[in-house]
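Visitor: My structure is below; once you've seen it, I'll send some questions.
Please treat every number below as a calculation from the coordinates, not as lab data. All values derive from a computational prediction rather than experimental measurement. Note that we place each Cβ from the backbone using ideal geometry, even for glycine, and neighbour counts take in every protein chain shown.
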Amino acid sequence: MGRRERRERRSKGQEEVREEPQPQEDHRDRQEERQEGQQEGSEGQREESCRELEEKVKECEDKLLRVHADFENAKKRLEKEKIQAIEYALEKFAQDLLPALDSLDMALAAVSKDNLNAEEAVEELKKGIQLTIEQFIRAFNKNGIEVIEIEEGGEFNPHLHEAILQVDDAEKRAGEIVQVFQKGYKYKERILRPAKVSVAK
């Protein structure tokens, strides 16, 4: 084989070698297509995630509106109950006083009978008054109102008693209560009215 033929064959082989890079271009095209597909998939996932987030936000907003509406309704109901409780706070106490009023009516009816003499009328009136006082005391105790108890010869207490008079009493020490002119009352821990008393000098 001559030199000329060998050179021709060598040049043809080089040309064939130069044409081989075409598969690399195809690979690059496929890679670009794959990347574009991945980008489209990522965009689709983002859109789906955005839709899910929007639905969750809307759901949370609906729950918040319902909770707020329930809170407002409960607030209005409690306010109404509070107003009613204040308006009718004395209802139970008034019901407890009704028996005492009934006793006064019965005592008045008893002494108004034509066949009673003066002594019998006074006795009936005393019974009626005593019964009324007992019923008042029961109603008071039932509602937390108590008489301020004063022991015989007890010490004067400015928180419970009001001294309206000072007297000389050889049997009492200075500051001891001599006489109770008016009973005192307290409502639980609060003084409604101090007892009016006289105190030894």
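Visitor: List the residues, sorted by chain then number, that are 5 or more residues from Val178 or on another chain and whose placed amide H is less than 5 Å from its amide H.
Guide: So Val178 has HN proximity to Ser198, Val199, Ala200.
Visitor: Which parts of region 116-142 would a label at Lys183 reach, counting a residue when its backbone N lies under 16 Å from a point 7 Å out along Cα-to-Cβ?
Guide: 127-142, by backbone N distance to the label point.
Visitor: Enumerate lysine pairs in region 145-201 that are 8 or more residues apart or on different chains, then count those whose Cα atoms are under 18 Å apart.
Guide: 4
Visitor: Whole Å is fine, so just give me how far the alpha carbon centre of region 144-160 lies from that of region 102-141.
Guide: So the two Cα centres are separated by 29 Å.
Visitor: From the square roots a ≥ b ≥ c of the eigenvalues of the alpha-carbon gyration tensor of region 145-201, which class results: rounded (a/c under 1.5), prolate (a/b over b/c), or oblate?
Guide: The shape class here is prolate.
Visitor: Using the scaling law 2.2 N^0.38 Å as the reference, what is the normalised Cα Rg of region 92-147?
Guide: 1.30
Visitor: Using only the alpha carbons, work out the radius of gyration and Dmax of region 90-201 in angstrom.
Guide: 18.5, 54
Visitor: Under 5 Å between amide hydrogens, which residues at least 5 positions from Ile148 or on another chain qualify, with H placed 1.01 Å from N in the peptide plane?
Guide: Gly184, Tyr185, Lys186
Visitor: Here is a further query. Let me check against my output: what whole-number percent is the relative contact order of region 75-201, with C-alpha pairs under 8 Å and at least 6 apart?
Guide: Result for region 75-201 is 20 percent.
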